[in-house]
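The values are calculated or read from the model by the stated rules, or taken from the named source; none is laboratory data. Keep in mind the model is a prediction, meaning the values are calculated, not measured. Using ideal geometry, Cβ is built from the backbone for each residue, glycine included, and neighbour counts are taken over all protein chains shown. Keep in mind that these areas ignore ligands, DNA and RNA; they rest on the heavy atoms of the full protein, side chains included. Shrake-Rupley method; radii C 1.70, N 1.55, O 1.52, S 1.80 Å.
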Amino acid sequence: MPAAPRRTRRRTYAFLGATAALATAAALAAALPAQAHGGRGHHPLPSRYQDVQLLSFNDLHGNLEPPSGSSGRVTELQPDGTTKTVDAGGVEYLATHLRKARQGHPYSITAAGGDMVGASPLLSGLFHDEPTVEALNKLDLDVTSVGNHEFDEGARELARLQNGGCHPTDGCYNDEEFEGADFPYLAANVQDEKTGKPILKPYWVWKKKDVRIGFIGVTLEGTPDIVSADGVKGLAFKDEVETINKYAKVLQRQGVQSIVALIHEGGFPASGAYNYDCDSAGAGSGISGPIVDIAKNVTPAVDALVTGHTHQAYVCTVPDPSGKPRTVTSAASFGRLYTDTTLTYDRFTGDIARTAVKSANHVVTRDVPKAPDMTDLISRWNTLAAPIGNRAIGYISADINNTGTESPMGDLIADAQLAHGRELDPRTSLALMNPGGVRAGLTYQAKGAEGDGVVTYAEGFTVQPFANTVNLQDFTGAQLIQVLKEQVSGANAAVPKILQPSAGLTYTLDMTKTGADRVVTGSIRLNGAPVDPAATYRVATNSFLAGGGDGFPTLGQGTDDLVGGDDLAALEKYLTAHSSAGSPLAPPAADRITVVQ
């Protein structure tokens with residue numbers, strides 16, 4: 001399929017831009033009868049209803065090339081109840097699918113639910129995600145909300161991605177200055193602490209002829225809990241529902257009655273299949289998680305919710321506060337799916353006829369032609385990245401997966417950080433790794449010319465892209481036990497975050513119990529001996545956890561802090577020391593946590 005031409009318009013977005021006043025729905029309705037007289041020189045009366053196509057995706061995370069391993073597959077539910085996996089993703093294929101989907105739809109919008117960048121593979125992350133913004137421009141993305149990962153490098157860097165300009169430290173990567181995003185990032189609930197105003201546009205209105213649809217973008221209120229302190233310094237993150245409801249009124253006062261909320265917060269469907277019907281036992285019966293409460297409380301003035309963050313796939317109808325069904329969607333992550341939603345716009349009311357809304361997720365299969373412009377983009381940036389990315393840093397005998405409550409990849413990283421910690425201080429007892437910091441596994445099959453079993457720097461970067469340091473802290477045994485209980489209590493009670501343990505730390509996780517009791521205290525052992533509440537243990541974690549991130553406040557209370565080296569460098573050194581072409585590293589058994597279901 002030939003490449004679609006890039007739009008020639010160039011938008012400039014100020015941090016505090018405001019949408020111009022719009023004609024009211026009443027004025028539109030009043031104008032329609034005047035056209036009904038017809039006659040020479042008059043345009044025909046337009047249909048009362050206009051279908052508008054809304055294409056959406058979320059959590060791309062800079063995955064321009066097809067993701068490997070389980071990160072590049074989706075599960076499909078078959079008519080007989082069985083499931084199969086399908087290879088999916090890659091921006092070359094996403095572009096082809098979106099462009100084909102738009103054909104025959106003159107009224108088409110493309111929107112996203114945040115985390116377009118951040119925690120990106122080396123191809124994008126090495127260049128501060130400029131390649132991904134360039135790709136999104138070519139995809140004709142119209143609008144996106146911010147996600148938590150848009151703040152990984154702070155608000156100033158996010159502003160640069162929006163407005164353009166060369167990186168303040170690394171400069172320009174090409175002959176031309178980086179142009180920035182052709183689409184607006186919306187951050188309605190992210191405020192400057194000093195001014196109390198949103199740091200980016202809170203909303204945006206899509207307009208075509210007499211059809212107007214408003215978009216409000218928010219990220220999860222808990223963003224500061226899952227982003228480094230430097231990334232959110234000087235920012236306040238407000239309640240998602242209160243913010244959306246506030247700006248829905250603003251849009252309505254401007255005559256915009258059709259409203260879509262882009263929310264970087266999500267839910268968990270009962271099935272992992274992308275085409276699971278989460279309304280099979282009633283509206284919204286098959287989905288749980290934070291987005292359910294948000295959807296039930298967002299004003300009925302909002303007609304649809306495009307969500308993200310949890311990397312799950314769902315198309316559900318969750319009742320709004322008035323009890324009427326409302327579509328809530330999410331398209332998994334990494335560009336493996338896109339959602340196609342039909343919004344039926346009523347020209348008389350200016351609103352969406354919600355009973356006519358239809359939506360479905362579609363797989364970004366790899367059996368379609370690659371979009372040539374995306375292939376050129378990837379090739380160009382790969383040429384710049386190759387000298388760094390293609391360097392071999394280790395060898396593995398099989399896939400080291402990032403799946404399960406305890407993953408082999410998580411254990412490997414914890415072991416690498418324990419080894420690094422002991423180089424800094426031989427007293428180091430154990431290491432703990434947050435699961436969200438493990439972005440991918442390592443695949444045995446070669447992605448390029450490096451050969452099977454070779455781990456390249458680019459693959460290691462994909463696993464650990466955050467540039468955290470490995471920090472050491474002292475904790476009492478009582479504090480260590482409390483840390484393990486915080487995996488399933490407090491901020492992590494509803495959605496547990498199970499820390500990945502280094503070798504020697506073992507315990508039982510009893511999921512038949514509730515809250516902190518799910519960690520069986522008497523089962524906690526370090527090198528076979530019970531953890532002594534009164535003893536002192538030297539613990540290695542990444543700098544994000546050492547600051548109490550991811551809902552682990554006790555990890556922010558350690559003493560005798562020592563800042564070590566880069567976490568990716570620690571992984572590289574461990575792989576180099578423990579593997580060779582003739583003696584590759586085997587995947588850890590992931591048997592340190594005994595899970596009772």
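May I ask you to rank PHE475, PHE348, PHE268 by accessible area, largest first, using a 1.4 Å probe over the protein chains only? Could you put the intermediate results ahead of the total?
Details: PHE475 5, PHE348 95, PHE268 65 Å².
Accessible-area ranking of PHE475, PHE348, PHE268, largest first: PHE348, PHE268, PHE475.
Any of LYS84/LYS246; LYS209/LYS249; LYS207/LYS246; LYS209/LYS324; LYS249/LYS358; LYS208/LYS358 with alpha carbons more than 32 Å apart? Name them for me. Mind dumping the intermediate values first?
Details: LYS84/LYS246 43 Å; LYS209/LYS249 23 Å; LYS207/LYS246 21 Å; LYS209/LYS324 29 Å; LYS249/LYS358 25 Å; LYS208/LYS358 21 Å.
With Cα atoms farther than 32 Å apart: LYS84/LYS246.
Give me the lysines in straight-line cross-link reach of LYS138: C-alpha distance below 18 Å, same-chain residues under 8 apart excluded.
Of all the lysines, those that pass the test against LYS138 - Cα under 18 Å, at least 8 places apart if same chain - are LYS100, LYS370.
Counting only DSSP beta bridges with both residues in the chain, tell me the antiparallel percent, nearest 5. Walk me through the numbers before you get to the answer.
On the way: 62 of 94 bridges.
DSSP beta bridges in the chain are roughly 65 percent antiparallel.
Using packing as a proxy for protection, rank 123-131, 466-474 so that the peptide with the highest average count of other Cβ atoms within 10 Å comes first. Mind showing how you got there, number by number?
Values: 123-131: 24.8, 466-474: 21.1.
Answer by packing, highest mean first, reads 123-131, 466-474.
Output the 0 to 90 degree angle, nearest 10, between the alpha-carbon long axis of helix 408-424 and the longest principal axis computed from the alpha carbons of the chain.
Orientation of helix 408-424: about 50 degrees from the principal axis.
Given the protein chains as shown and a 1.4 Å probe, how many square angstrom of MET511 are accessible, to the nearest 10?
Result for MET511: roughly 60 Å² accessible.
Helix-derived [θ] at 222 nm for the chain: sum -39500 (n - 2.57) over DSSP H runs of at least 4, divide by residue count, nearest 500? Let's see the in-between values first.
Details: 14 runs with 138 residues, N = 597.
The helix contribution divided over the chain gives -7000 deg cm²/dmol.
Determine how large the accessible area of VAL315 is when every protein chain is in place; take a 1.4 Å probe and give Å² rounded to the nearest 10.
The accessible area of VAL315 comes to roughly 40 Å².
Determine which aspartates and glutamates satisfy two conditions relative to LYS485: a Cα distance under 16 Å, and not lying fewer than 8 residues away in the same chain.
Once the sequence-local aspartates and glutamates are set aside, what remains near LYS485 is GLU406, ASP510, ASP517, ASP532, ASP550.
Pull out the extension gain between ALA283 and THR594, defined as 0.36 nm times the separation in residues minus the alpha carbon to alpha carbon distance; nm, one decimal.
Numbers: separation 311, 0.36 × 311 = 111.96 nm, distance 3.61 nm.
Gain on stretching ALA283 to THR594: 108.4 nm.
Ignoring ligands, DNA and RNA, how do CYS172, CYS278 rank by accessible area with a 1.4 Å probe, largest first?
Details: CYS172 65, CYS278 0 Å².
Order by accessible area, largest first: CYS172, CYS278.
Classify the stretch 68-165: rounded, prolate or oblate, from the alpha-carbon gyration tensor (a ≥ b ≥ c, eigenvalue square roots; a/c under 1.5 rounded; otherwise prolate if a/b is larger than b/c)?
Numbers: a/c = 2.26, a/b = 1.45, b/c = 1.56.
Oblate, since a/c reaches 1.5 and b/c is not below a/b.
Helix 25-35: angle to the longest alpha-carbon principal axis of the chain, degrees 0 to 90, nearest 10?
Once rounded, the angle reads 40 degrees.
Given a 1.4 Å probe and the protein chains all in place, what does the accessible area of HIS420 round to, in Å² to the nearest 10?
Here the residue's solvent-accessible area equals roughly 30 Å².
Order 137-143, 69-75, 329-335 from most to least packed using the mean count of other Cβ atoms within 10 Å. It would help to have the intermediate numbers written out before the result.
On the way: 137-143: 21.7, 69-75: 20.1, 329-335: 28.9.
The densest-packed peptide leads the list: 329-335, 137-143, 69-75.
Rank by packing, highest mean first: peptides 88-95, 541-548, with packing defined as the count of other Cβ atoms within 10 Å averaged across residues.
On the way: 88-95: 26.4, 541-548: 22.9.
Per-residue Cβ counts within 10 Å, averaged per peptide and sorted highest first, yield 88-95, 541-548.
Let's test the formula: R0 of 25 Å, r as the Cβ-Cβ distance of ASN527 and THR559. What FRET efficiency results, to the nearest 0.05?
Details: r = 22 Å, r/R0 = 0.89.
Once rounded, the FRET efficiency stands at 0.65.
Note the angle between two axes, namely the Cα long axis of helix 91-102 and the longest principal axis of the Cα atoms of the chain, as a number of degrees from 0 to 90, rounded to the nearest 10.
So the inclination is approximately 20 degrees.
Provide the gained length on full extension for the span ASP192 to ASP170, in nm with one decimal, where the gain is 0.36 nm per separating residue minus the Cα-Cα distance. Walk me through the intermediate numbers first.
Working: separation 22, 0.36 × 22 = 7.92 nm, distance 2.63 nm.
Extra length from ASP192 to ASP170 when fully extended: 5.3 nm.
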